[in-house]
Ligand SMILES: Cc1cc2nc3c(=O)[nH]c(=O)nc-3n(C[C@H](O)[C@H](O)[C@H](O)COP(=O)(O)OP(=O)(O)OC[C@H]3O[C@@H](n4cnc5c(N)ncnc54)[C@H](O)[C@@H]3O)c2cc1C
């Protein structure tokens, strides 16, 4: 059961903690031993270390620097990097299940770790599924090895600042951040808002539009470039004092005439556009964090009603039928959410069927809205003493509210797409 730790646990005490049950039981969900071991590694770290640090990161809106050192040491910064290059070689499903485990203990760590891991997942297993000629693939493999080496050897952290405040992050128009081709690379100019890990990532994985002098911006010319945080012309501006996910430190990034060498490309020309159109589950990767938060809200409630939350009086509240009904409702919601989400992350791959795409939207919607619905019920059911800042529930509640806002698959946009794509086949209109 998710540990409601609010204080760091001493290393000596860690070995005596009863381990939480896996979010997805490996036998019941037919997972492999290697997958289960990676998930267990993350769960152990989350339960024994991250849970105790989460309150301070949240209170101070501070990036979880210490957690990232631990993630590096545990090999988890390289979870999706091929084994041949020193990583754990995890596939999409394994990554998603592992991220959900981390989300149970620290939402901000899980969400920012998602941005980091996606830099390797998208340039790795996902890019392997996309068409490229031999020369382009060889060049891509050479370049990505440079990025992976930094991560494995130096613990380099990558982020994914895409949002600009306009329609680009929703996939509607070309990114306003521009990359002008020059000898040996590009000159980048632009601004990214809500850039999680700003000031803490070593490389910002920026989506921008390659634009030669006088050319017209097109989404087809989207480039995915890793820009070194230390490059001249990169600055972090603005405050960060949000409702939830405070440890993500999602401030504003400015790029002013930043030179990015060719090896900065995380994908070859044209490949991001192909990925976005043929591998849509790439946008479902923000959801695992919220599956973890949903489980954490439920686990807290059960423990609290049983009078078993450390640091609180051992008062049982489980005998009231209203509490039992609320827990039943939470349980049903949690099981439904986990079931559709597990199915969607399991079928992620290139060229999914229409049914699979609709299911992915539905899974994203269910995870993002479901986590907050479960946390809301948890607060109502546990009562006033449970929502004090000395306990993790109110943080889980605030963090869970943020999931629906994540572009390009916000809860609203998922509804839009499901409705439209269920009723219209491509090219159909009522004109
Ligand atoms: C904690 C947190 C961390 C984040 N981290 C990152 C990050 O690391 N990288 C990153 O790139 N972004 C990040 N984001 C940003 C996020 O993905 C969104 O871009 C951001 O929340 C959008 O805010 P906005 O007010 O600009 O949205 P707006 O563009 O004003 O949109 C508001 C709402 O309108 C709807 N909408 C938007 N466009 C359309 C459309 N074309 N059609 C119909 N409806 C539409 C959507 O539902 C959206 O939620 C983060 C956000 C949060 C809350």
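The values are calculated or read from the model by the stated rules, or taken from the named source; none is laboratory data. Every value quoted in this text rests on a predicted model; they were computed, and no experiment measured them. Cβ atoms come from the backbone with ideal geometry, glycine included; neighbour counts cover every protein chain shown.
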Pick from region 174-204 the residues that are within 9 Å of the ligand (Cβ to nearest atom) and part of a loop (DSSP other than H, G, I, E, B): which of them is nearest to residue 282 (Cα to Cα)? 196
Name, by its number, the condition in (1) touching a residue at least 12 places away in the same chain (Cβ under 8 Å); (2) closer than 27 Å to residue 109 by Cβ that does not hold for residue 383. (2)
Name the pairs whose Cβ atoms lie under 7 Å apart, with the first residue in region 157-168 and over 25 Å from residue 66 (Cα atoms), the second within 6 Å of the ligand (Cβ to nearest atom) and not in a loop (DSSP other than H, G, I, E, B), and 6 or more positions between them or separate chains? 163/194
Which of (1) touching a helix residue (DSSP H, G or I) at 6+ places or on another chain (Cβ under 7 Å); (2) farther than 30 Å from residue 88 by Cβ does residue 167 not meet, given it meets every other one? (1)
Only one residue in 376, 346, 410, 381 is at pLDDT 95 or above and within 25 Å of residue 273 (Cβ to Cβ), so which one is that? 410
Region 146-165 - residue that is surrounded by fewer than 18 Cβ atoms within 10 Å (Cβ to Cβ) and not in a helix (DSSP H, G or I) and, of those, farthest from the ligand (Cβ to nearest atom): 155
Being at pLDDT below 95, crowded, with 22+ Cβ neighbours inside 10 Å and not in a helix (DSSP H, G or I) narrows 80, 168, 90 down to just 168
Kindly indicate whether residue 232 is free of Cβ contacts under 8 Å to residues at least 60 places away in the same chain, away from the ligand (no atom under 15 Å from the Cβ), crowded, with 16+ Cβ neighbours inside 10 Å and more than 26 Å from residue 108 (Cβ to Cβ). no
Exclusive hit being closer than 26 Å to residue 61 by Cβ, assigned to a helix (DSSP H, G or I) and modelled with pLDDT of 95 or more, set 294, 339: 294
State which residue is nearest to residue 300 (Cα to Cα) when the search covers only region 56-77 and only residues that are assigned to a helix (DSSP H, G or I) and touching a helix residue (DSSP H, G or I) at 6+ places or on another chain (Cβ under 7 Å). 58
For region 94-116, give me the residue count where each residue is assigned to a helix (DSSP H, G or I) and over 8 Å from the mean Cα position of the chain (by Cα). 13
Tell me yes or no: at least one residue of region 56-74 is surrounded by fewer than 18 Cβ atoms within 10 Å (Cβ to Cβ) and modelled with pLDDT under 95. no
Single match in 251, 220 (criterion: closer than 30 Å to residue 417 by Cα, touching a strand residue (DSSP E or B) at 6+ places or on another chain (Cβ under 8 Å) and surrounded by fewer than 24 Cβ atoms within 10 Å (Cβ to Cβ)): 251
If a residue has to be within 16 Å of the ligand (Cβ to nearest atom), under 21 Å from residue 232 (Cβ atoms) and in contact with a helix residue (DSSP H, G or I) (Cβ under 9 Å, 6 or more places away or on another chain) to count, how many in region 247-274 make the cut? 1
Flagged pairs (Cβ under 6 angstrom, 6 or more apart or on separate chains; first in region 183-210, more than 22 Å from residue 77 (Cα to Cα) and without any contact (Cβ under 8 Å) to a residue 24 or more places away in the chain; second assigned to a strand (DSSP E or B) and away from the ligand (no atom under 13 Å from the Cβ)) are none
Do we find that residue 212 is surrounded by fewer than 18 Cβ atoms within 10 Å (Cβ to Cβ), within 9 Å of the ligand (Cβ to nearest atom) and modelled with pLDDT under 95 in this structure? no
Determine whether region 116-123 contains at least one residue that is under 22 Å from residue 413 (Cβ atoms) and away from the ligand (no atom under 11 Å from the Cβ). yes
Any idea which residue in region 388-416 is farthest from the ligand (Cβ to nearest atom), counting only those that are over 19 Å from residue 112 (Cα atoms), in a helix (DSSP H, G or I) and in contact (Cβ under 8 Å) with a residue 40 or more places away in the chain? 393
Could you list, in sequence order, the residues of region 117-136 that are part of a helix (DSSP H, G or I) and surrounded by fewer than 16 Cβ atoms within 10 Å (Cβ to Cβ)? 128, 134, 135, 136
